[in-house]
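The structure appears right after this line, and notes come after that.
The values are calculated or read from the model by the stated rules, or taken from the named source; none is laboratory data. Source: prediction; values computed, not measured. Heads up, the Cβs are rebuilt from the backbone with ideal geometry, glycines too, and the neighbour counts pull from every protein chain shown.
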């Protein structure tokens, strides 16, 4: 994967690190399983057929669930946030970065994001929470990134966005001038960059690898 930064850079100019939530800090596997079973409950479609179609669309850089539901002519069902769990390394990563950098969230989330993060035990590490439900604007709209940077009082070149989606996280963050780290977890990790703006500065395969990029 092409990188715009030297891997030896000590991130000396970085002030803020922003994270996505789903498939970045949080494992959505069980939530997707629940949603798929709800979606196909009254249809003559097996779980495997629907899931395989999700994988197909995700590998094209699309929202796998939405596109699979469209393909089979099924209605989308509610997301079950209660099924989300932290990746084992997420809190360790946040602890390692906390105090050295300001940490924040930029995420497309249902209402109640702060309460969910509190229950997971990671809200305490965050200095700023920017949610689509609260702001009325969703990624990949650049406005939500501008809102985050303005409230952080941080120039784009002094911030990094970490996320799993090239279209929702990496491309818009690049386009506002932030640095980017692509975490190839979940369905978003199946895609490939389709244009220059989707090329992240760094690519890792697990949230557990993040700290190594910032270590002295």
From the option list 68, 107, single residue qualifying as out of contact with any helix residue (DSSP H, G or I) (no Cβ under 6 Å at 6 or more places or on another chain) and crowded, with 17+ Cβ neighbours inside 10 Å is 107
Going by the conditions given, is residue 86 surrounded by 16 or more Cβ atoms within 10 Å (Cβ to Cβ) and under 19 Å from residue 207 (Cβ atoms)?
yes
Residue 147: assigned to a strand (DSSP E or B) and surrounded by 14 or more Cβ atoms within 10 Å (Cβ to Cβ), yes or no?
no
Return the pair list, or none, for Cβ contacts closer than 8 Å from residues in the stretch 72-84 that are farther than 20 Å from residue 48 by Cβ to residues that are modelled with pLDDT under 95 and part of a loop (DSSP other than H, G, I, E, B), at least 6 apart or on different chains.
79/110; 81/110; 81/112
Checked against (1) assigned to a helix (DSSP H, G or I); (2) surrounded by 15 or more Cβ atoms within 10 Å (Cβ to Cβ), residue 77 satisfies every condition except (1)
